[in-house]
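These notes concern the structure reproduced below.
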C-alpha cells in the first residue's frame with residue numbers, strides 16, 4: 001500500500017523492526033547478525049519502500065548488530081544521507097519504555113523520523129500510538145504513523161498510514 005503527502009500532518013514516524021537474525025553464531029544477543037532471509041527481506045522491503053515519499057529528517061537505530069545491519073540496508077537502498085543517522089543504545093529496548101522516551105526527546109525540527117528497533121517494543125508502540133491493531137510487526141516490517149502534533153514530546157494517538165511486511169511482497 002502506497003501513501004501520498006496529501007494529508008497534512010505535523011510529525012511522521014517510520015518504524016522498522018530489524019530483519020531476521022541468525023542463531024547459528026555463539027555471540028551475545030547484542031552481537032547477533034542477520035541470517036540470509038534477513039538480508040533478503042530487508043532488501044525486498046526497503047526497495048519497495050523507495051516508492052513512498054518519505055523525506056526522512058533523522059534516522060535512529062538500536063546499536064545491536066541486527067538493527068544496525070538492517071538500518072544500513074535501508075539507508076543504502078533509500079539513498080539516505082548517512083549524516084542524519086545515529087545509533088542509540090537506549091533503542092536496544094524490548095519493553096518499549098526507552099523507545100517512547102527516545103522519540104519524545106527528538107528535536108522539534110525533525111518532522112519525519114525513521115527508527116530501527118526490536119520487538120516487543122515496536123509492536124507495542126504501533127498498537128498504542130497507531131490507529132490500526134497489528135498482532136505482530138514481523139522482522140523487516142515497516143509501519144508508518146502520522147501524528148497531528150508540533151513537538152515529539154506531545155506524542156499521542158496517531159494515524160497508521162502504511163504497513164509494509166515481507167509477506168506482502170512475496
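The values are calculated or read from the model by the stated rules, or taken from the named source; none is laboratory data. For clarity, every value in this text was computed on a predicted model and none was experimentally measured. Heads up, the Cβs are rebuilt from the backbone with ideal geometry, glycines too, and the neighbour counts pull from every protein chain shown.
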>> Looking at the stretch 113-134 only, could you name the residues that are more than 22 Å from residue 49 (Cα to Cα) and outside any helix (DSSP H, G or I)?
In response: 120
>> The conditions are (1) at pLDDT below 95; (2) more than 18 Å from residue 143 (Cα to Cα), and residue 90 fails exactly one of them. Which is it?
In response: (1)
> Given the conditions (1) closer than 29 Å to residue 149 by Cα; (2) in contact (Cβ under 8 Å) with a residue 40 or more places away in the chain; (3) surrounded by 20 or more Cβ atoms within 10 Å (Cβ to Cβ), which single one is not true for residue 57?
Replying inline: (3)
> Applying the selection to the stretch 77-96, what residues are touching a residue at least 24 places away in the same chain (Cβ under 8 Å) and touching a helix residue (DSSP H, G or I) at 6+ places or on another chain (Cβ under 8 Å)?
Replying inline: 77, 78, 80, 85, 87, 88, 91, 92, 93, 94, 95, 96
>> Quick check on this structure: which one of 14, 102 is outside any helix (DSSP H, G or I) and buried (at least 18 other Cβ atoms within 10 Å of the Cβ)?
In response: 14
> For the stretch 97-107, which residues satisfy the criterion of being in contact with a helix residue (DSSP H, G or I) (Cβ under 6 Å, 6 or more places away or on another chain) and free of Cβ contacts under 8 Å to residues at least 40 places away in the same chain?
Replying inline: 98, 99
> Just checking, which of 134, 122 is surrounded by 21 or more Cβ atoms within 10 Å (Cβ to Cβ), touching a helix residue (DSSP H, G or I) at 6+ places or on another chain (Cβ under 9 Å) and closer than 20 Å to residue 95 by Cβ?
Replying inline: 122
> Does residue 46 meet the test of being farther than 22 Å from residue 120 by Cβ and under 12 Å from the mean Cα position of the chain (by Cα)?
Replying inline: yes
> Which condition number in (1) surrounded by fewer than 23 Cβ atoms within 10 Å (Cβ to Cβ); (2) at pLDDT 95 or above; (3) more than 19 Å from residue 21 (Cβ to Cβ) is the one that residue 114 fails?
Replying inline: (1)
> From the list 144, 110, 137, which one is under 14 Å from residue 165 (Cα atoms), in a loop (DSSP other than H, G, I, E, B) and either without any contact (Cβ under 8 Å) to a residue 24 or more places away in the chain or in contact with a strand residue (DSSP E or B) (Cβ under 7 Å, 6 or more places away or on another chain) (or both)?
Replying inline: 137
